[in-house]
Amino acid sequence: MTNTTALPKLLRLTDPGLREQLQALPDSAALIGISPDGRAIAVDIDAAPHILVCSGPGGGSTTILRTLTAQFLHQGAHALVLDHTGIAHLWAKDLPTVTHRGNVAGIHDALVGLGSELQRRIALDGDLDGVSRLMVVIDRADATLRHLARYWETFRQKNDPKRSPAIAALEAVLYEGRAARIHVIYDGPATVGGRLIPGAREQFSTVILARFSTGVWQRLAPIDGPAPKSSPLPGRVCPPDAGSAHDRCRSRRLAHRRSGRRELTRLGHPGPREVSHPRGLV
């Protein structure tokens, strides 16, 4: 029997049963949405280590990145936020467990340093007790990678590798980060301009789509069946009986504190939709 219960217009952590469900999630999981019957829908990065977010203009991808990152920070993770605009993630600046980089030179250096951190963790040979989970958050990744490639072309020396070491470090994290407790939340197509090596797309086990075209669906979510029709309900998450939960106003508090009154508000756009590969919609 299909559940036809109406989606709530507003989700609060104080709603009956919701806080308990969030607290019951492992520290490797973040809430994506909640079904009308109160069931939490979450992504677990221990099982699906990297998350790809892809939307059309105004689709809310920055809000999705902020919401997911805030939850992982609240659960004890650290974060490297790469925000080439310098202003999209001001909420994350000055938080004690966050490194925010808002220009191409800083992003380049941060990713090169990330490559070294990856090798340091791998050298621990699985002994990661006490090593914090690290979330690498890349907003508008297509533009970020383009700027990184141009930056390296401008400043590299004669004997330097031709390809940007920052982009190479990101690829290494996509392939090896799971074993080192390093995870990527990536906003934008993972194949833009060929700047990521072939196969990098397959490292994203979870894809969150909002305001996507049929071409994007076919390229990023190659599953049987046509793309779902756009939903008139803001914040809609597949399956079609689940509503999304996004902390639009209080991400900083959620990341910074473990107590107090907070609320989760829905997005004002038809999306996102969450797809788990290779089995399709979840």
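The values are calculated or read from the model by the stated rules, or taken from the named source; none is laboratory data. Bear in mind that the values here come from a model prediction, so they are computed numbers and not experimental data. In this analysis, Cβ positions are derived from the backbone assuming ideal geometry, glycine residues included, and neighbour counts consider all displayed protein chains. These area figures cover heavy atoms from the full protein model, side chains too; ligands, DNA and RNA do not enter into them. Shrake-Rupley method; radii C 1.70, N 1.55, O 1.52, S 1.80 Å.
Work out, step by step, the length gained on full extension between Ser132 and Asp44: first 0.36 nm times the residue separation, then minus their alpha carbon distance; give nm to one decimal. Let's see the in-between values first.
Values: separation 88, 0.36 × 88 = 31.68 nm, distance 1.61 nm.
Answer, rounded to one decimal: 30.1 nm.
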Practice task
Write down the Å³ per residue value for the convex hull defined by the alpha carbon atoms of the range 38-90.
Solution key: 128
Completion exercise
Taking placed amide H atoms and a strict 5 Å upper bound, the residues 5 or more places from Leu80 or on another chain that come that close are Thr99, Met135, Val136, Val137
Completion exercise
Along the range 61-76, Karplus-curve 3J(HN,Hα) (6.51, -1.76, 1.60; θ = phi - 60°) to the nearest Hz, with x for Gly and Pro, reads 5, 5, 5, 4, 4, 4, 5, 5, 5, 4, 5, 5, 4, 4, 8, x
Practice task
Using only protein heavy atoms and a 1.4 Å probe, report how much of Arg156 is accessible, in Å² to the nearest 10.
Solution key: 80
Problem - Radius ratio Rg over Rh of the range 126-193, counting only Cα atoms, Kirkwood formula for Rh - result: 1.04
Practice task
May I ask you to rank His78, His89 by accessible area, largest first, using a 1.4 Å probe over the protein chains only?
Solution key: His78, His89
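Taking every pair of alpha-carbon atoms in the range 36-175, give the share separated by more than 22 Å as a whole percent.
Within the range 36-175, distances greater than 22 Å cover 44 percent of Cα pairs.
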Problem - Spin-label pair Glu20/Ala105, simplified geometry with 7 Å Cα→Cβ offset, distance in nm - result: 5.5
